[in-house]
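To keep things clear, I will list the structure first and then write my remarks on it.
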Number of protein chains: 2
Amino acid sequence: MDIMAAGRTYAFPDNQTLDEARPWWMEQSAGQTVVALDGQEIIESAKMGPNRPGRGQHIATASFLVHPQHQGRGVGRAFGEYVIHWARREGYRGIQFNAVVGANHPAAYLWQSLRLEIMGTVPEVFDHPDEGFVGLHVMYQCLR
Amino acid sequence: MDIMAAGRTYAFPDNQTLDEARPWWMEQSAGQTVVALDGQEIIESAKMGPNRPGRGQHIATASFLVHPQHQGRGVGRAFGEYVIHWARREGYRGIQFNAVVGANHPAAYLWQSLRLEIMGTVPEVFDHPDEGFVGLHVMYQCLR
């Protein structure tokens, strides 16, 4: 909830209650939402599923939230690898990230190291709380 | 409903009833859905609104459905101009189309003529009923 509220990584609605936020993160049916625990504390969560319904459902997408105090420990990379492996196993033809915040350099670097490519960057479409209007990358990897 | 079902232009869920399809097309609150009539027949509809919630709500998006028997009469262009005018008037900083089907050449041409630019094309992410896996363009125009 705090990471959502900080507004640095996703364009979710502002100031949501837990109940309002739930459907923005908890995947249904074809997808899944997973967490990583350090003891009893959740330190990362990822959700994955079809990027679009119908004629886009052969492409996967995923989103990630890492606890700020546990960044830089390789949890993001492990989850990225898990998600790509999951998408391949589920038979998706490719995986697309629709909105990687341009100012979030570690994320763009990590996804590129996992062979997602920046297909385009749309300028100024994300209102970053510290950096103002920044671009969003569209990233893609073919899995066939 | 027929255009949605034909699956050539949008990745909506397949085989929806009218009630299921309604929230995929009818905009709420900040957006609007408009139609063009020829007599009593609806020949085009467009919906427009914020592209993303929260930190993406300063960017507009829109979608268009034109009756197949009324294509090529300039209705699409008139609606495109209306939507861009609407977005500017409502104070949006830009307008983004997230998924223009690459095989839909008239649409890509029309939006470019209205000064949206192709920021990137993600290959094979749309399962076209006639042409198989084709790309989707991400298009954008700054309105400031």
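The values are calculated or read from the model by the stated rules, or taken from the named source; none is laboratory data. Please read all numbers here as calculations on a predicted model, not as lab measurements. Because the Cβ atoms are built from the backbone with ideal geometry, glycine has one as well, and the counts that use them run over all protein chains shown.
Applying a threshold of 7 Å to beta carbon distances and a minimum spacing of six or more residues, or different chains, the list of pairs starting in the range B:52-76 at a residue that is modelled with pLDDT of 90 or more and ending at one that is of a type in the set (Ser, Thr, Tyr) reads B:HIS58/B:TYR92; B:ILE59/B:TYR92; B:ALA60/B:TYR92; B:SER63/B:TYR10.
Condition check ((1) modelled with pLDDT of 80 or more; (2) not in a helix (DSSP H, G or I)) across all residues:
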residue	(1), (2)
B:MET4	no, no
B:TYR10	no, yes
B:GLN16	yes, yes
B:GLU20	yes, no
B:SER29	no, yes
B:THR33	yes, yes
B:ILE42	yes, yes
B:SER45	yes, yes
B:MET48	yes, yes
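Is it the case that A:HIS85 is over 12 Å from the mean Cα position of the chain (by Cα) and at pLDDT below 95? No; evaluated as a whole, the condition is false for this residue.
From the residues in the range B:101-123 that are assigned to a strand (DSSP E or B) and buried (at least 19 other Cβ atoms within 10 Å of the Cβ), which one is farthest from the other protein chains (Cβ to nearest Cβ)?
B:VAL101
On the given criteria, is A:PHE64 outside any loop (DSSP other than H, G, I, E, B), facing chain B (nearest Cβ under 8 Å) and crowded, with 21+ Cβ neighbours inside 10 Å? So A:PHE64 fails the test. The residues in the range A:9-56 that are closer than 23 Å to A:TYR140 by Cβ, surrounded by 15 or more Cβ atoms within 10 Å (Cβ to Cβ) and within 13 Å of chain B (Cβ to nearest Cβ) can be counted, and the count is 12. Restricting attention to the range B:79-100, the residues being outside any helix (DSSP H, G or I), more than 14 Å from B:LEU136 (Cα to Cα) and within 14 Å of chain A (Cβ to nearest Cβ) number 5.
Scanning the range B:33-55 for residues that are closer than 26 Å to B:ARG93 by Cα and out of contact with any strand residue (DSSP E or B) (no Cβ under 6 Å at 6 or more places or on another chain) turns up B:GLY49, B:PRO50, B:ARG52, B:PRO53, B:GLY54. Checked against (1) of a type in the set (S, T, N, Q); (2) in contact with a Gly (Cβ under 7 Å, 6 or more places away or on another chain); (3) part of a helix (DSSP H, G or I), B:GLN69 passes all but condition (2). Of the residues contained in the range B:40-48, one or more are found to be without any contact (Cβ under 8 Å) to a residue 24 or more places away in the chain and farther than 28 Å from A:TRP24 by Cβ. Mind checking whether some residue in the range A:85-98 is more than 28 Å from B:HIS128 (Cβ to Cβ) and crowded, with 18+ Cβ neighbours inside 10 Å? Within the range A:85-98, not a single residue is more than 28 Å from B:HIS128 (Cβ to Cβ) and crowded, with 18+ Cβ neighbours inside 10 Å.
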